[in-house]
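Notes to accompany the following structure.
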Amino acid sequence: MTASELLFLAAAGFGAGVVNGVAGGGSMVSFPALLAVGVPSLAANVTSTVGIWPGYLGGVAGFRRALAAQRDRLRPLAAVALAGAVVGALALLVTSEDGFDALAPWLVLLACGLFAAQPLLARRLTAFGPTPRGHGALRYGGVFAGAVYGAYFGAGLGVLLLAVLGITLPGRLVDLNGIRSVLALLVNSIAVVVFAVAAPVEWAAAGTMAAASLVGGYVGATASTRLPVPVFRVVVLALGLAAFVGLLAT
């Protein structure tokens, strides 16, 4: 890759970190950026997962106080999420380049829909109050399915997990968001390990984005109350829809 392409990817990694810190959905910045510099869709997907992984660490750190009282609830959910992540990551490894090319536009469109629905879902979850009732089978099944999806194609994972937790698990939204942050970190950690060993990661791009996303995640988390979130959402959705159109046209 050229120096200008790496600089562009560094900016995209920083932007993905900021978006994750502010509203979630950083993959909708990093994935289209990798496509824009000519990385094939399957390699772009795994490289994006590896490249923005550091940003998830900041999210977990930000919820450390809320998580202190959630350890008993988190343990069984973590086991389910890890199992789902292994399934999703291995499923991606056995997907052909042509097969992923056919799926990629629709996965991007699904991620755009989830990202667009995020504010509405957040309002609905808040409306449940502190003690929503749910069924264990739906909770664990939903977390497993979300983890499979998240390891296979990460964009929209946080929205899926938070929706499942909010509907099926009693608790304040901040507590559920903390659990969601840990589950998302675990899913992406499994995916990163599997992809690092066996997937076509573009390491120069991933390393550049990783360093930048770490900084961006810190900036987004610390400045989230002052940043114009609606503007970020519009930009991210525009990037995602542009990626959808571009993938559909190829």
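For residue 55, the conditions (1) modelled with pLDDT of 90 or more; (2) of a type in the set (Gly, Ala, Ser); (3) surrounded by 24 or more Cβ atoms within 10 Å (Cβ to Cβ) all hold with the exception of (1). Taking the stated definitions as given, is residue 120 more than 22 Å from residue 143 (Cβ to Cβ) and open to solvent by 60 Å² or more (accessible area, probe 1.4 Å)? For residue 120, the condition - more than 22 Å from residue 143 (Cβ to Cβ) and open to solvent by 60 Å² or more (accessible area, probe 1.4 Å) - is not met. When the criteria are applied in full, residue 33 fails the requirement of being over 15 Å from residue 239 (Cα atoms), assigned to a helix (DSSP H, G or I) and small (Gly, Ala, Ser). State all residues of segment 53-71 that are of a type in the set (Gly, Ala, Ser) and part of a helix (DSSP H, G or I); if no residue qualifies, say none. Answer for segment 53-71, where residues must be of a type in the set (Gly, Ala, Ser) and part of a helix (DSSP H, G or I): 55, 58, 59, 61, 62, 66. Please determine, by comparing only the residues of segment 36-52 that are among the small types (Gly, Ala, Ser) and part of a helix (DSSP H, G or I), which one is most open to solvent (accessible area, probe 1.4 Å). The selected residue is 36. The criterion of being surrounded by fewer than 23 Cβ atoms within 10 Å (Cβ to Cβ), more than 21 Å from residue 199 (Cα to Cα) and without any contact (Cβ under 8 Å) to a residue 60 or more places away in the chain does not hold for residue 73.
Can you pull out the residues in segment 206-250 that are open to solvent by less than 80 Å² (accessible area, probe 1.4 Å), at pLDDT below 70 and either touching a Phe, Trp or Tyr at 6+ places or on another chain (Cβ under 6 Å) or over 26 Å from residue 191 (Cβ atoms) (or both)? If the condition is that a residue be open to solvent by less than 80 Å² (accessible area, probe 1.4 Å), at pLDDT below 70 and either touching a Phe, Trp or Tyr at 6+ places or on another chain (Cβ under 6 Å) or over 26 Å from residue 191 (Cβ atoms) (or both), then 222, 223, 227, 228, 229 are the ones that fit.
Given the criterion in a loop (DSSP other than H, G, I, E, B) and under 27 Å from residue 230 (Cα atoms), identify the matching residue among 25, 13. Just one listed residue meets the conditions, 25.
How many residues are touching a residue at least 40 places away in the same chain (Cβ under 8 Å) and open to solvent by 60 Å² or more (accessible area, probe 1.4 Å) if we restrict to segment 87-102?
Number of matching residues: 5.
Considered as a group, the residues in segment 81-117 that are outside any helix (DSSP H, G or I) and not small (Gly, Ala, Ser) include one that is nearest to residue 230 (Cα to Cα), and that residue is 95.
If I ask for residues that are in contact with a helix residue (DSSP H, G or I) (Cβ under 7 Å, 6 or more places away or on another chain) and either over 22 Å from residue 81 (Cβ atoms) or in a helix (DSSP H, G or I) (or both), which ones from segment 191-200 would you list? So that I can check it myself, show each step before the final result.
Step one: filter segment 191-200 for residues in contact with a helix residue (DSSP H, G or I) (Cβ under 7 Å, 6 or more places away or on another chain), giving 191-192, 194-196, 198-200.
Once the filter is applied, which keeps residues that are in contact with a helix residue (DSSP H, G or I) (Cβ under 7 Å, 6 or more places away or on another chain) and either over 22 Å from residue 81 (Cβ atoms) or in a helix (DSSP H, G or I) (or both), segment 191-200 yields 191, 192, 194, 195, 196, 198, 200.
If you filter segment 134-189 down to residues that are among the basic types (Lys, Arg) and surrounded by fewer than 21 Cβ atoms within 10 Å (Cβ to Cβ), you find that the one that is nearest to residue 41 (Cα to Cα) is 139.
The values are calculated or read from the model by the stated rules, or taken from the named source; none is laboratory data. All values derive from a computational prediction rather than experimental measurement. Every residue, glycine among them, receives a Cβ derived from its backbone with ideal geometry; neighbour counts consider all protein chains shown. SASA here: full protein model, heavy atoms, side chains in, ligands and nucleic acids out. Shrake-Rupley method; radii C 1.70, N 1.55, O 1.52, S 1.80 Å.
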